[in-house]
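Asker: This structure is in structure tokens; I'll ask about it shortly.
Since every read-out is calculated from the coordinates, none of them should be taken as a lab result. All values derive from a computational prediction rather than experimental measurement. Neighbour counts run over all protein chains shown; Cβ positions are idealised from the backbone, glycine included.
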Amino acid sequence: MKTRIILILLVIFEISDLFAKSEQPFQLQKVSVLSTVKGFQGIDDLGNIYSLSDGVLYKFNQDQKQEITYAEKKYGDITNVFFDDPMNLIIFFEQTGVIVFLDNHLSVKKVIEPSALKKDDWPLEIAFSSQNGFWAYFPVEAELIRFDKKLNLQAQSANLNFVSPGMQKVKQLKEGDQKLFVDDGQLWVFDLFANFLFKIERKIPENFFVAGKKIYFIEDNYLVVYHYINRTEDVFLLPESDVKNYFWKKPYLFLNTQNTLVKYRLINIH
């Protein structure tokens, strides 16, 4: 009899613990719905919408009624656009290693040829830097360099093949939380002076966003909020199906589906 009571209590405790773990402190609240955007890249601080399609950059206002474009085919297709500063966009052409600065009307302010950065190499990946410039990864020497807008060298790593053994071909760079996240299928974390700090063991999909000590990404139709310091995560079932791409800008999540671009707000329910 005592054995049965103990077993029943254990089951109750396990079920209670399961519900406690599944309880979420946040929920997604729908804010607005727009038409879907082909090649959706994200939304800047002024509400402008950006997309890349067939190597061309498109910029729309927040109600999708005005459109301007930028392309320069002699440099190849545009592979990345950084609109963290809406007045100073950074465009990257991976095929030729050319970087272009645009104003808010998508007019050219500055063209940076790869030879202006390094003589015998050109950048494979770049990223916006909050330190008034940009990051670039150079594959020949396997090094990270941070430049200011005048192309002065501000920070430089050692050869990453020695600093972080096992690193593969770099897929993207992303700055956040006063750190640089280097993605080669795993995330290697550096400080703003290009010193290696640590590696994140948790597998993170290629399209991710960093805000504070958290990494936001979509995985198997769930929004995952990964706390990369204490290695815990919150998981939310997405309210939309057929999500083609998305964008996170705290506290908003934008889900681009077959027919709509839906804006959600992540709110604390406690």
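Asker: Note down the relative contact order for the chain as a percent, whole number, built from C-alpha pairs under 8 angstrom at least six residues apart. List each step's numbers first, then the result.
Answerer: Working: 540 pairs, mean separation 41.5, N = 270.
Relative contact order, the chain: 15 percent.
Asker: Rounded to whole Å and sorted largest first, list the principal axis extents of the Cα atoms in region 174-230.
Answerer: For region 174-230, the Cα extents along the three principal axes come out at 36, 21, 19 Å.
Asker: Let me ask another. Could you give the dipole magnitude of region 27-268 about its Cα centre, charging the beta-carbon of Lys and Arg +1 and that of Asp and Glu -1, in debye to the nearest 20?
Answerer: For this selection, approximately 340 debye.
Asker: If you plug each phi of region 239-244 into the Karplus form 6.51 cos²θ - 1.76 cosθ + 1.60 with θ = phi - 60°, what whole-Hz ³J(HN,Hα) values come out, in order, with x for Gly and Pro?
Answerer: Here the 3J(HN,Hα) series is x, 10, 9, 6, 6, 8 Hz.
Asker: Something else about it: Using the 2.2 N^0.38 Å rule of thumb for compact globular proteins, work out how region 137-186 stacks up: its C-alpha Rg over that value, please.
Answerer: So the Cα radius of gyration is 1.16 times the expected 2.2 N^0.38 Å.
Asker: Continuing with the same structure: Which whole-number percent is the relative contact order of region 149-212 (Cα, under 8 Å, 6+ apart)? Numbers along the way, then the final one.
Answerer: Working: 90 pairs, mean separation 16.5, N = 64.
Value for region 149-212: 26 percent.
Asker: Further, regarding this structure: Of the options Leu197, Asn104, Leu153, report the single residue whose Cα projects farthest towards the positive end of the charge dipole of the chain (beta-carbon charges: Lys, Arg +1; Asp, Glu -1).
Answerer: Checking the options against the dipole of the chain, the answer is Leu197.
Asker: From the mean inverse distance of alpha carbon pairs (Kirkwood) and the Cα radius of gyration, derive Rg over Rh for the chain.
Answerer: My calculation puts Rg/Rh at 1.05.
Asker: In degrees, nearest 10, range 0 to 90: what is the angle between the Cα axis of helix 2-22 and the longest Cα principal axis of the chain?
Answerer: So the inclination is approximately 30 degrees.
Asker: Largest first, please: the extent of the C-alpha atoms of region 55-198 along each principal axis, to the nearest Å.
Answerer: Principal extents (largest minus smallest coordinate, Cα): 49, 32, 28 Å.
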